[in-house]
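Below you'll find the structure, written out as structure tokens, and then a few comments.
Each value in this text was obtained by applying a stated rule to the coordinates, not by laboratory testing. It should be emphasised that the depicted structure is a prediction, and the values quoted were computed from it without experimental measurement. No Cβ is skipped: glycine too gets one built from the backbone with ideal geometry, and neighbour counts run over all protein chains shown.
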Amino acid sequence: MVHLQTAVILLVSISGAWCLCPDEETDLLEWSDESTWKNNKYPDSETDLVIERKILLNFPEVSVRSITVQNGGHLVWDPDVKTHLRTRYILIRDGGRVDIGSEECPYDGEATITLIGRRGDYSITNFDEKFIGVDAGGTLEYTA
């Protein structure tokens, strides 16, 4: 009987180690840290942001012209921060990934994405205007 209990406890410990929530990854850079950004300057509403690193979106108000996540870039929403993101579009492609929760860790935070801009200001091949789009090689996971 003692051996069975020990085996069950060991099994739970092993399976628990495999379930890391996206926002708990240790190599995420924080959006809120100025050193994450070029010249230690936060991206602003005139920035066409290309994300090619792993970034935790832990900032309450974000406004950028556009976001492209690619080449191993990873944008993860922090469930502990109420975030409002304003952008024309989010394009995820070529090895890029966006996670708002996961199957193992459903997102229980508050996130708002407002797509901005005027009709006819721009057009992105295969997507047009105002979109959250996943192109070849991209991954979007939203689980609440």
Amide H neighbours of Val69 at under 5 Å, excluding residues fewer than 5 places away on the same chain, with H built from the backbone geometry, are Ile51, Leu91, Ile92, Arg93
Just the number, please: percent antiparallel of the DSSP beta bridges in the chain, rounded to the nearest 5.
5 percent
In the range 71-111, whose amide N lies under 17 Å from the spot 7 Å out along Cα-to-Cβ of Asp128? List them in ranges.
88-91
Antiparallel versus total DSSP beta bridges in the range 60-133: what percent is that, nearest 5?
5 percent
What does the helix-only formula give at 222 nm for the chain: each DSSP H stretch with n ≥ 4 adding -39500 (n - 2.57), the total divided by the residues, and the result rounded to the nearest 500 deg cm²/dmol?
-3500 deg cm²/dmol
